[in-house]
Amino acid sequence: MPTPPASPEPPDPSPQPPAAPPGLRERKKDATRRRLRACAARLFAERGFTETTVADIAACADVSTRTFFRYYDSKEDLLLPDGVELFAAVERALAQRPADEPPLDAVHHALLAAAEPFRNTSLTALTHPLDGTEHLIAARLIQAFAEFEERLTRLVLDRLPEGTPDADLHAAVVAGAALGTVRAVLRTQRGRRAAGTHRPDVMLPRAFEILRQIGHTAP
């Protein structure tokens, strides 16, 4: 007579021990890393990327330049680390928009919601002239925006009503137009600073207004 298969063992109901908190050394390293990022963000906003040196950032964070290079290979590494957090903020804001809101309007409002946190990140360097560093920054920006554009396209696609004609194309156009508008704002701000005509106003709403005007006048 065949032996019946053994019954699977029930899962262990005993609670798992909590993960050990990071040690003092790790906490100190994390605090130093956060200070360097915060200092870079502040100095980039005040002086611009090109006018801020590694020594400036290290001095602001009260560490040596040697310590700086234990955490980052260059100041360029401090330019875009906030991008991931900023894009995540856009995603959260987009998820809170009304489901029946037109996709471009929803993305516009989500970007506006992230504009205030943007003022406190290293990304503010992108509103200053980038003399001599355009090629370094452009490569990083292109990759960061391309990756987020793919993600934003999927999020917009999920918001489109079922049966929307060419839904994939519709979503891609909305995401591409929205992020292209953001890039246009950053380029214009850099140009105005270089020309001495910059003023501390919010350009994104005006840029989306122009985008809609273009859409209404297109053949």
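The values are calculated or read from the model by the stated rules, or taken from the named source; none is laboratory data. This is a predicted model, so every value here is computed, not measured. Every residue, glycine among them, receives a Cβ derived from its backbone with ideal geometry; neighbour counts consider all protein chains shown. To get the accessible areas, we keep the full protein, side chains included, count just its heavy atoms, and leave off ligands, DNA and RNA. Shrake-Rupley method; radii C 1.70, N 1.55, O 1.52, S 1.80 Å.
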Roughly what would the spin-label model give for A167 and V54, points 7 Å off Cα along C-beta, in nm?
-> 5.0 nm
In what order, largest first, do I210, I142, I57 sit by accessible area if the probe radius is 1.4 Å?
-> I142, I210, I57
Where a ≥ b ≥ c are the square roots of the eigenvalues of the C-alpha gyration tensor, would you call the range 49-111 rounded, which needs a/c under 1.5, or, failing that, prolate if a/b is larger than b/c, or oblate?
-> prolate
Taking the highest mean first, how do the peptides 176-186, 93-103 order by number of other beta carbon atoms within 10 angstrom per residue?
-> 176-186, 93-103
